[in-house]
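**Q** Here's a structure for you.
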Amino acid sequence: METMSSYADSTRAMRLKRLFTIASLIALGLSLVWANHRLDPYMVRILNLCAINIILATSLNLIFGFAGQFSLGHAGFMAVGAYACALLTMTPAQKEATFIISPLIRPLATIQLPFLPAILIGGILAAIFGFIIGAPTLRLRGDYLAIASLGFAEIIRVVGNNAIPITNGALGLKGIPEYTNLYWSWGAAAITIFIIKRLVDSSYGRAMMAVRENEIAAEVMGVSLFYHKVLAFVIGSFFAGVGGALLANLVTTIDPKTFIFILTFNILIIVVIGGLASITGSCLAAIGYTILLEALRPLEAPMTIGPVHIPGVPGLRMVIFSLVLLAVILFYRQGLMGKREFGWGWLVRRMVRKT
Amino acid sequence: MTFPLFLQHLANAISLGSLYALIAIGYTMVYGILRLINFAHGDIFMMGAYVAFYGILLISLPWWLAFAVAVLLTSFIGILIDRGAYRPLRSAPRISALISAIGVSFFLQNFAIVVFSGRPKAFFRPPLFTRVFVIKGVNILSVTFFIPVIAFISLAALSYIIYRTKPGLAMRAVSHDMETARIMGVDVDRTIALTFALGSGLAAIGGIMWGLRYPQIQPLMGVIPGLKAFVAAILGGIGSVPGAMIGGFVLGLAEIMLVAFAPALAGYRDAFAFLILIVVLLLRPTGILGRRLEEKV
């Protein structure tokens, strides 16, 4: 009798959880519709950036927090996704107008794809590059990935500046269609969270965490170190590419300078503040950090308070944020959420007990 | 290519290689002891150049004194960084120390942008370094010769410290096995501080000579040389001090020769080092002189 009732309870709890999830997704959708109609373009842009940062942060967290590998190449993978998606979505006329130094190479100049396949191709291309970087470096023990991925991000920038028939060099790409809106960005963010959450809860995720905790112990238990590290890295790179693609079609102009290291640093700080190995933490920190970064923008602009005129101090925000990063890692290493996740458990437990 | 032109490229390659070697040693020493990639090392190199710059500009020290003071102060900065950002994380997961290193690196860069301003500054060149030698119709600046000489003297001094003195013995012991060294009475924290001091001092020498050679400095000047010097350290065999020297020279030579013999690829110069990195990691991950770092259970 006892087991029967607890079984009934648990199916009921599961049904409730699913109900809450669907309800909150609908609420999110409705608030997006509201935001799209009522908020000014600046606010909408910040909300879009929040969603893109959620994608980037959860994907870096997969590599970083769950698999324990130190990747500093996110800006590079974003660049791959951004350039691929931009080149595939621009109109042939726009491409001809943009490539003034030397024309775009043949098949790319005439192709134009809808947004979704372009995003996916951007992500897949970034994943392929992730494999090319990850395969030689993740075979070794130690932190070679950090330097190789950072080097890769630099190579991508150098190639962006020099491979003029494909990237238009330092001039960059202009007039990328502005396809990214709240539905695309938050939709992609929701799908990213769903896929990465399912992944880390699966046996693959368990294996990744085992590799993170102790490589030797994991190997002895029969976990393939190489396979799981590469898997985490390639999937993380894919979503970095997707994030880059969405960013390109949001800002409509990209050039190699868009993808400097500061981009990777921003995502790193989000992941650390949110808590390594907490997707919830990454999401909360991504939203908070994006908004804070905008809110602190006046710090770097010239200010006049009464009779005192303070000239703008560029770089001040990054001084503050690097100190925040150091403070978190030194004194509060678990970050906002530690390894915890948000779930409906607490609410459901209360409701099931009551009735 | 004419022979004199080749000579000029060779001189450039050797001086660039010595700069890489000076920076690479700081990476390899810290990695050898802590298994930590000190991302801030390239920025310590930048700080060395700025300290020398302001020593001459603000306190109007004679240039040789300014350079010496800059090297000492930068060593001190290295010790401070270890003390503040790395020592509290010795027993933490390794990824924490890496994040801390990135944080320090980014802090130094932006601190420099805020305090020194982001605009490049012209570095003061004493007349001694700007004499022009004409060899078979090719002009070579005297600084191109001074850099390898100063680098060689610094490297010889470092080798003496590491292989012939007691603190050097302690460094080798800690790098071999930290716990055993501690049991044997080596003051591990002080030895690590000494490692950071030596590495940062060499980086400062490198930074000052970089300033003399390309006579301008800017807050992000350490990023690319730092990354390439790390590649040089891996190429030579990470953890090996002679390896870092060899790796630095090989990388400098390879880079300049790429530009000399394939000018069409000159734009890809900065990417070349990382291509070498990937190839080394694929073919011979222990580098030229490296030993296998044994895994500790």
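**Q** What Kirkwood hydrodynamic radius do you get for the protein assembly as shown when you take the inverse of the mean 1/r over all pairs of distinct Cα atoms, in Å? Please report the intermediate quantities before stating the final value.
**A** Working: mean 1/r = 0.0377 Å⁻¹.
Kirkwood radius, the protein assembly as shown: 26.5 Å.
**Q** Further question on the same structure: Rule-of-thumb check for region B:152-217: C-alpha Rg over 2.2 N^0.38 Å?
**A** Details: Rg = 14.8 Å, N = 66, 2.2 N^0.38 = 10.8 Å.
My calculation over the Cα atoms of region B:152-217 gives 1.37.
**Q** In peptide B:34-43, what is the residue-averaged number of other protein chain Cβ atoms found within 10 Å of each Cβ? Let's see the in-between values first.
**A** Numbers: counts 0, 3, 1, 8, 0, 4, 0, 0, 0, 0.
What the average comes to for B:34-43 is 2.
**Q** Can you tell me which of B:281-288, B:73-80 comes out highest on packing, and rank the rest after it, using the mean Cβ neighbours within 10 Å? If you can, show how the numbers build up before the last one.
**A** Values: B:281-288: 16.4, B:73-80: 21.1.
Going by the mean number of other Cβ atoms within 10 Å, highest first, we get B:73-80, B:281-288.
**Q** Carbon and sulfur: what percent of the protein assembly as shown's accessible surface (1.4 Å probe)?
**A** Details: 20180 of 28950 Å².
Of all accessible area on the protein assembly as shown, carbon and sulfur atoms account for 70 percent.
**Q** In Å, what Kirkwood hydrodynamic radius results for chain A from the alpha-carbon pair distances? Present the calculation step by step, with values, prior to reporting the outcome.
**A** Working: mean 1/r = 0.0458 Å⁻¹.
One decimal place: 21.9 Å for the Kirkwood radius.
**Q** What is the packing order of peptides B:91-103, B:113-125, A:277-289, A:75-87, taking the mean over residues of other C-beta atoms within 10 Å and listing the highest first? It would help to have the intermediate numbers written out before the result.
**A** On the way: B:91-103: 20.5, B:113-125: 15.2, A:277-289: 24.1, A:75-87: 30.1.
The densest-packed peptide leads the list: A:75-87, A:277-289, B:91-103, B:113-125.
**Q** Once you've got the GNM for chain A with C-alpha springs shorter than 10 Å, pick whichever of A:Ser102, A:Ser24, A:Ser237 has the biggest mean-square fluctuation.
**A** Looking only at A:Ser102, A:Ser24, A:Ser237, the largest GNM fluctuation is found for A:Ser24.
**Q** Right, here's the next one. For region A:29-85 and region B:1-80, write down the distance between their C-alpha centroids in whole Å.
**A** 38
**Q** Let me ask you something else. Students often get this wrong: which residues of region A:41-82 have the backbone nitrogen under 15 Å from the point 7 angstrom along Cα-to-C-beta of A:Ile132?
**A** A:76-82
**Q** Mind checking which of B:Gly267, B:Val223, A:Ile166 is farthest towards the positive end of the protein assembly as shown's charge dipole, using Cβ charges of +1 (Lys, Arg) and -1 (Asp, Glu) about the Cα centre?
**A** Farthest along the dipole direction, towards plus: B:Val223.
**Q** Over all Cα pairs of chain B, how is the pair count split among 10 Å bins, expressed in % and running from 0 up to the last occupied bin?
**A** Taking all Cα pairs of chain B, the binned fractions are 7, 28, 36, 22, 7, 1, 0 percent.
**Q** In addition: Mind putting a number on the dipole of region A:276-355 about its Cα centre? Charges go on the C-beta only, +1 for Lys and Arg and -1 for Asp and Glu, and I need it in Debye to the nearest 20.
**A** Numbers: 9 positive and 3 negative charges, 144 e Å.
Dipole magnitude for region A:276-355 comes out near 700 debye.
**Q** Between A:Thr304 and A:Lys257, what's the calculated FRET efficiency when r is the beta-carbon distance and R0 is 22 Å? Round to 0.05.
**A** Numbers: r = 30 Å, r/R0 = 1.36.
The computed FRET efficiency comes out at 0.15.
**Q** If you split all Cα-Cα distances of region A:286-349 into 5 Å bins from zero, what percentages do you get per bin, shortest first?
**A** Result, from short to long distances: 4, 13, 14, 17, 14, 12, 9, 7, 4, 3, 2, 0 percent.
**Q** Sticking with this one: Scaled to the compact-protein estimate 2.2 N^0.38 Å, what is the alpha-carbon radius of gyration of region A:226-277, rounded to two decimal places? Provide the component values of the computation, followed by the final result.
**A** Details: Rg = 13.2 Å, N = 52, 2.2 N^0.38 = 9.9 Å.
Against the compact-globule rule of thumb, the ratio is 1.33.
**Q** For chain B, take the longest principal axis of its alpha carbons; what is the angle in degrees between that and the long axis of helix B:188-213, to the nearest 10 within 0 to 90?
**A** It is inclined by approximately 10 degrees.
**Q** Spin-label point model (7 Å from Cα, Cβ direction): what's the A:Val33 to A:Ala295 distance in nm?
**A** Going from the A:Val33 label point to the A:Ala295 one covers 3.0 nm.
**Q** Now for a separate question. Chains A and B: how much accessible area gets covered up at their contact, both sides added, probe 1.4 Å, in Å² to the nearest hundred? Before the final figure, lay out the partial values.
**A** Working: alone 18230 and 14440 Å², together 28950 Å².
The contact between B and A buries close to 3700 Å².
**Q** Quick one: putting +1 on the C-beta of Lys and Arg, -1 on the C-beta of Asp and Glu, what dipole do you get for the protein assembly as shown around its Cα centre, in Debye to the nearest 20? Don't skip to the answer; put the middle values down first.
**A** On the way: 49 positive and 25 negative charges, 130 e Å.
So the magnitude is around 620 debye.
**Q** Shifting gears a bit: Can you tell me the 0 to 90 degree angle between the C-alpha axis of helix B:63-81 and the longest principal axis of chain B, rounded to 10?
**A** Taking Cα atoms only, the helix is inclined about 30 degrees.
**Q** Measuring from label point to label point, each 7 Å out along Cα→Cβ, what is the B:Met1 to B:Leu128 span in nm?
**A** Computed distance between label sites B:Met1 and B:Leu128 equals 3.2 nm.
**Q** So, one more: Along Cα→Cβ, 7 Å out, is where each label goes; now give me the distance between the ones at A:Ser203 and B:Ser142 in nm to one decimal.
**A** In this crude label model, A:Ser203 to B:Ser142 measures out at 7.3 nm.
**Q** Obtain the radius of gyration and the Kirkwood radius of region B:183-237 from its C-alpha atoms and give Rg over Rh. Don't skip to the answer; put the middle values down first.
**A** Values: Rg = 14.9 Å, Rh = 13.3 Å.
Result: Rg/Rh = 1.12.
**Q** OK, next. Leaving out ligands and nucleic acids, and using a 1.4 Å probe, what accessible area per residue does region B:3-221 come to in Å²? Display every interim value, and only then the final one.
**A** Details: 9130 Å² over 219 residues.
In whole numbers, region B:3-221 has 42 Å² accessible per residue.
**Q** Report the Cα-based extents of region B:140-297 along its three principal axes, largest first, to the nearest Å.
**A** 57, 36, 27
**Q** So how tilted is helix A:225-251 from the main axis of chain A? Cα-based, degrees 0 to 90, rounded to 10.
**A** 50
**Q** Any chance you could run the full-extension gain for A:Trp346 through A:Arg139? It's 0.36 nm times the residue separation minus the Cα-Cα distance, nm to one decimal. Intermediate values should be presented prior to the final figure.
**A** Working: separation 207, 0.36 × 207 = 74.52 nm, distance 4.19 nm.
Extra length available between A:Trp346 and A:Arg139 comes to 70.3 nm.
**Q** In addition: Provide a whole-number value for the mean count of partner chain Cβ atoms within 10 Å of the Cβ atoms in peptide B:89-97.
**A** Numbers: counts 3, 0, 0, 3, 5, 4, 11, 5, 2.
If you average over the peptide's residues, the count of other-chain Cβ atoms is 4.
**Q** Something else: Per-residue Cβ counts within 10 Å, from other chains only, averaged over A:261-273: what number is that?
**A** That average works out to 2.
**Q** Further question on the same structure: Just how large is the dipole of region B:3-221 about the Cα centre, in debye to the nearest 20, putting +1 at every Lys and Arg Cβ and -1 at every Asp and Glu Cβ? Can you show the working numbers first?
**A** On the way: 16 positive and 6 negative charges, 46 e Å.
It works out to roughly 220 debye.
**Q** Sort B:217-229, A:40-52 for me by packing, meaning the mean count of neighbouring Cβ atoms within 10 Å per residue, highest on top. Working shown, then result.
**A** Values: B:217-229: 23.3, A:40-52: 17.5.
Averaged packing, sorted descending, gives the order B:217-229, A:40-52.
**Q** Multiplying the sequence separation of B:Arg182 and B:Ser117 by 0.36 nm and subtracting their Cα-Cα distance, what value in nm do you get?
**A** Numbers: separation 65, 0.36 × 65 = 23.40 nm, distance 4.39 nm.
In short, 19.0 nm is gained.
**Q** Of B:Tyr20, B:Val149, B:Leu65, which is farthest along the charge dipole of region B:3-221 in the positive direction, counting Lys and Arg as +1 and Asp and Glu as -1 at C-beta?
**A** B:Val149
**Q** Compute the length gained on full extension between A:Glu96 and A:Ile26: take 0.36 nm times their separation in residues and subtract their Cα-Cα distance, giving the result in nm to one decimal. It would help to have the intermediate numbers written out before the result.
**A** Numbers: separation 70, 0.36 × 70 = 25.20 nm, distance 4.24 nm.
Stretched out fully, the A:Glu96 to A:Ile26 stretch lengthens by 21.0 nm.
**Q** I need to check one value: relative contact order of chain B, counting alpha carbon pairs closer than 8 Å and at least 6 residues apart, in percent.
**A** 35
**Q** Please report, in cubic angstrom per residue, the volume enclosed by the convex hull of the alpha-carbon atoms of region A:64-110.
**A** In region A:64-110, the Cα hull volume divided by residue count equals 101 Å³.
**Q** Here is a follow-up. Please find the FRET efficiency linking A:Thr110 to B:Ala266, where r is the Cβ-Cβ separation and R0 is fixed at 30 Å, and quote it to the nearest 0.05.
**A** Details: r = 32 Å, r/R0 = 1.06.
Working from the Cβ atoms, E equals 0.40.
**Q** Between B:Lys166 and A:Leu323, what FRET efficiency follows from the Cβ-Cβ distance if R0 is 51 Å, with the result rounded to 0.05? Please list the in-between numbers first.
**A** Numbers: r = 38 Å, r/R0 = 0.74.
With R0 = 51 Å, the Cβ-Cβ based efficiency is 0.85.
**Q** Averaged per residue, what accessible surface does chain A expose to a 1.4 Å probe, in Å²? Show your work: numbers first, answer last.
**A** Working: 16400 Å² over 355 residues.
On a per-residue basis, chain A sits at 46 Å².
**Q** Oh, and also: Name the residue farthest towards the positive end of the dipole of region B:3-221 from the options B:Thr180, B:Pro127, B:Gly168, assuming +1 on Cβ of Lys and Arg, -1 on Cβ of Asp and Glu, about the Cα centre.
**A** Going by the Cα projections, it comes out as B:Pro127.
The values are calculated or read from the model by the stated rules, or taken from the named source; none is laboratory data. Bear in mind the structure is a predicted one, so any value in this text is a computation, not a measurement. Note that we place each Cβ from the backbone using ideal geometry, even for glycine, and neighbour counts take in every protein chain shown. Just so you know, the surface numbers come from the protein's heavy atoms only, side chains and all, with ligands and any DNA or RNA stripped out. Shrake-Rupley method; radii C 1.70, N 1.55, O 1.52, S 1.80 Å.
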